[in-house]
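I have placed the structure first, in the form of structure tokens, so that the comments after it can refer back to it.
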Amino acid sequence: MKISGNTILVTGGGSGIGQALARRLHALGNTVIVAGRRIEALQQTIADRPNMHAMVFDADSAEGVADFVRRVTAEHPALNVVVNNAGIMRFEELGRYRELEDAEATVTTNLLGPIRLTNALVEHLGRQPNAALVNVTSGLAFVPLIASPTYSATKAAMHSYTVALREALLGKIEVIELVPPAVQTDLTPGQSTRTGYMPLSEFIDEVMLLLQQRPTPHEILVQRVTFLRNAEAEGRFEDAVRVLNETTSQAREAER
């Protein structure tokens, strides 16, 4: 991936990983568009920085995505890099009947959203020089968190979809998967200060170093996420499931 001189769209750019990544990419000499549901949060991300732009984006409907793509390509015809980062994480109890609003919203935002956006932009990107697509998944794509099963499942699906995209778009659009570990952000209540989670600044520092490697790795894996990413290949999947869920449960319990 070319690291500067791009026009980059980052979804979910109003907070957390999206916000931090957008600012760091901008600092390297890229024009960056941050997109998300809340214009106030997006405006805080750009904070009057030149060549940073904010656009409202909601992936809840195919029509909304199509309208957004028409607007963003009209206003930024040089758009050549897309970072599918927007996501939500909800806690669920699988052992009892429950309403499925949280699960359905998670599937829509985390899976249908990036599929819809990629589908709407793939031909535009294919005409641009140095085109790249970055899908943000999670270490939970490889070892599930029992308390967030739908989130884990959507990230596993996005991993698989990204592998397919990479092969389908070979020679046209570079496809990269960014796989975060548990990072201190506002993704879930209390997470921004949770003990044992990776500080956001440290995570972004390591990500930026990896993105600047040549050739760019197909998977951007900070050291902390390899425990999850490589668990099955290294024959310790069941232990990883146990350790992940025990430590996460203990950390959340300590906050109560």
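Values quoted throughout were computed directly from the atomic coordinates according to the rules given, and no laboratory measurement underlies them. Keep in mind that this is a model prediction, so the values were computed, not measured. For neighbour counting, all protein chains shown are included, and Cβ atoms are generated from backbone atoms with ideal geometry for every residue, glycine included.
Relative protection proxy for 103-109, 142-148, from highest mean packing down: 142-148, 103-109 (other beta-carbon atoms within 10 angstrom). Suppose we look only past 17 Å in the calculated P(r) of region 185-252. What percent of the Cα-Cα pairs does that tail hold? Counting pairs separated by more than 17 Å, the tail of P(r) holds 56 percent. Highest mean packing first, where packing is the average number of other Cβ atoms within 10 Å per residue, the peptides 169-177, 45-53, 12-20 line up as 12-20, 169-177, 45-53. Dividing the mean sequence gap of close Cα pairs (under 8 Å, 6+ apart) by how many residues region 7-254 holds gives a relative contact order of 17 percent.
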